[in-house]
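Each reported figure results from applying straightforward, stated rules to the coordinates on display, with no laboratory input. Worth saying up front: this structure is predicted, and the values here are computed from it rather than measured. Cβ placement follows ideal geometry from the backbone for every residue including glycine, while neighbour counts extend to all protein chains displayed.
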Amino acid sequence: MSIKEKVLAGDRLCGTHINLSDTCVTEIAAALGYDFLWIDMEHTTLSCEQVHMHLLAARAMGTPVFIRVPADDLTITKRILELGVDGIIFPMIKNYEHACRLIEYTLYPPYGNRGCGPKGAVRYGIDDEREYYRNNHKTMCRFVQIEQKTAALEAEKIAAIPYLDGCVLGMYDLSGSIGRLGDIFCEENLELTLRTIKAFKKQKKTVGVSTFATEYEILSQYHDMGINMISTGADYDFVLQGARKTLQTVKHVQGNMN
């Protein structure tokens, strides 16, 4: 099954976040067997050129790639679409109208207003460009992040948007939008979260969460809430934790030897 088919089927999917510029991290992560890799352009300095290199590394290992683009940046969005990515994630959705506008950026007329000019998306002409305009542009996965109270309150309308395949919960920003930044499991944040999950499940669409947490208890809680797509951990944190543990081990050994 393709990643699109898995998303549409509501399969349980696991990914991790790529933030660093070196494509070796993507090659390593892709080889491990994640269902997808989440490459982040919102909170990193990654350029389109660097993202392209990450995409090629992941493709070489047969692992799908989702790109989180910067908020409300139509130019970057176009460039990422033309790479032929497996999925796109729009952060910081404000409301239904905002979500509609962003999804329309990804679709050609009459479905949306995406500008013509696919390159990597049609393998530079190897694939039929007209067929891509007619149908194949629809095969990419499309997600919006629900991380604002205003969006969560309109979750039912957002979930019903055509060609939107699912949402990704941003629990920290959602808690910030209610004045409780970091208190992600407080009552009001959970109420907005469960409201969103219910709305998207009603439409039989995928519900995801983006978290740097890797603890069993936290990931289990997300799973038990009905979230079927979990993107967890991050490349830089894996390096940090491994290096920290090794340093502590070496210092312990050297201390015992004195």
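Candidates are the residues of region 37-92 that are of a type in the set (Ser, Thr, Tyr) and part of a helix (DSSP H, G or I); the one that is nearest to Met1 (Cα to Cα) is Thr77. Residues in region 40-51 that are crowded, with 16+ Cβ neighbours inside 10 Å and either out of contact with any Lys or Arg (no Cβ under 7 Å at 6 or more places or on another chain) or of a type in the set (Val, Ile, Thr) (or both): Thr44, Leu46, Gln50, Val51. For region 99-120, give me the residue count where each residue is in a helix (DSSP H, G or I) and either without any contact (Cβ under 8 Å) to a residue 24 or more places away in the chain or within 15 Å of Met140 (Cα to Cα) (or both). Residues meeting the conditions: 5.
If I filter region 121-150 down to residues being in contact with a strand residue (DSSP E or B) (Cβ under 9 Å, 6 or more places away or on another chain) and not in a loop (DSSP other than H, G, I, E, B), which single residue comes out as surrounded by the most Cβ atoms within 10 Å (Cβ to Cβ)? Per the criteria, the residue is Ile146. When Met61, Met92 are screened for being farther than 24 Å from Leu153 by Cβ and not small (Gly, Ala, Ser), only Met61 passes. The lone criterion from (1) touching a residue at least 60 places away in the same chain (Cβ under 8 Å); (2) farther than 21 Å from Phe143 by Cα; (3) surrounded by fewer than 15 Cβ atoms within 10 Å (Cβ to Cβ) left unmet by Arg244 is number (1). Residues in region 205-245 that are assigned to a loop (DSSP other than H, G, I, E, B) and among the small types (Gly, Ala, Ser): Ala213, Gly226.
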